[in-house]
1. Which pairs have Cβ atoms under 6 Å, sit 6 or more apart or on different chains, and link a residue in segment 188-201 that is touching a residue at least 24 places away in the same chain (Cβ under 8 Å) to one that is crowded, with 20+ Cβ neighbours inside 10 Å and in a helix (DSSP H, G or I)?
2. Considering segment 118-174 alone, what residues qualify as being under 30 Å from Gly93 (Cβ atoms) and either among the hydroxyl-bearing types (Ser, Thr, Tyr) or at pLDDT 95 or above (or both)?
3. Return the residues of segment 95-126 that are touching a helix residue (DSSP H, G or I) at 6+ places or on another chain (Cβ under 7 Å) and β-branched (Val, Ile, Thr); say none if nothing qualifies.
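The values are calculated or read from the model by the stated rules, or taken from the named source; none is laboratory data. Just so we're clear, the structure is a prediction, and the values are computed from it rather than from any experiment. For neighbour counting, all protein chains shown are included, and Cβ atoms are generated from backbone atoms with ideal geometry for every residue, glycine included.
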Amino acid sequence: MNKKKFLTSFVITILAFCMILGGLFAATGGFSIRGISQIFSGMATEKSNILVMGLDKEARRADVIMVVGVDPKRNKVSVLSIPRDTRVEVGSGRYDKINHTMGYKNPEETIINSVEKLTGIPIDYYCEVTFEGFRNFIDILGGVEFDVPVDMHYEDPAQDLYIHVNKGLQVLNGEQAEGVVRFRNTYARADLQRIEVQQDFLMALFEQKLNVKYILKAPAIIEEMYESVNTNLSIRNALRYVGLLGDLTTESLSTDTLPGNPQMINGVSYVVPDKEALSDIVLTEFGYPEE
């Protein structure tokens, strides 16, 4: 792997997996996190927002959708999870489930426009992550200890998805972790309950892997994840945020779920956003609209 490709995948891996999924650590070669950031023209001082999507096997639907706000001035990372059945405007006057937007023409542009209309949060970058990459990431880290809330058993051969994880505290490998964050079939509140489990898993990953010993695993992570991420975040812009990672703690991370209510519209089940409650979250956690 050449140096430019190595650095690019290194930073994308940090931002896409470590920041978004919670394992906030990184290093490569003889450089420290802060040393790498000093190669470029100064640290980032302005906040940015990244739309993160966990894609299914065909990359046509997003099972995980998050807006991640990075605010260096407040030393804060804010995560807003969006249920995949959320009803959003697609184009002008047309509505669909948000996870269907990846099947439209110009999918990244379509979903970004829909998220911006819905939340009022300007999206600066997008990052698409495959679940294969997620599995590999967890395995390289040696698994994550997690208290699985229910027995999870589900099979979908069309997606090559086979979930068999029992309830209880255990160390999850990559395949099991994927099953836990994707499972929703026996939940009374379906996707909304799944998001709660995703956020609990994110916090467990954050707390367990925010550790200097995982620095040595960075090259293996980079090698495994390079083909698993698609993003418009340039190496120069990404590196400006790397220095922030060294100052983050579990208190730096906040997680919220887009508030809404299940509703049938024309025979289709949606989550209809609660716009007033959403506005409160966006203002408090992301700082929009700006004064």
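1. The qualifying pairs are Gln198/Val181; Phe201/Val181.
2. Here is the first cut: in segment 118-174, the ones under 30 Å from Gly93 (Cβ atoms) are 118-128.
Listed by number, the residues that qualify are Leu118, Thr119, Gly120, Ile121, Pro122, Ile123, Tyr125, Tyr126.
3. Ile98, Thr101, Thr110, Ile111, Thr119, Ile121, Ile123, listed by residue number.
This table checks each residue for (1) over 26 Å from Phe201 (Cβ atoms); (2) surrounded by 15 or more Cβ atoms within 10 Å (Cβ to Cβ); (3) at pLDDT 75 or above.
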position	(1), (2), (3)
Asn237	yes, yes, no
Val242	no, yes, no
Leu248	no, yes, no
Thr255	no, yes, yes
Val282	no, yes, yes
Gly287	yes, yes, yes
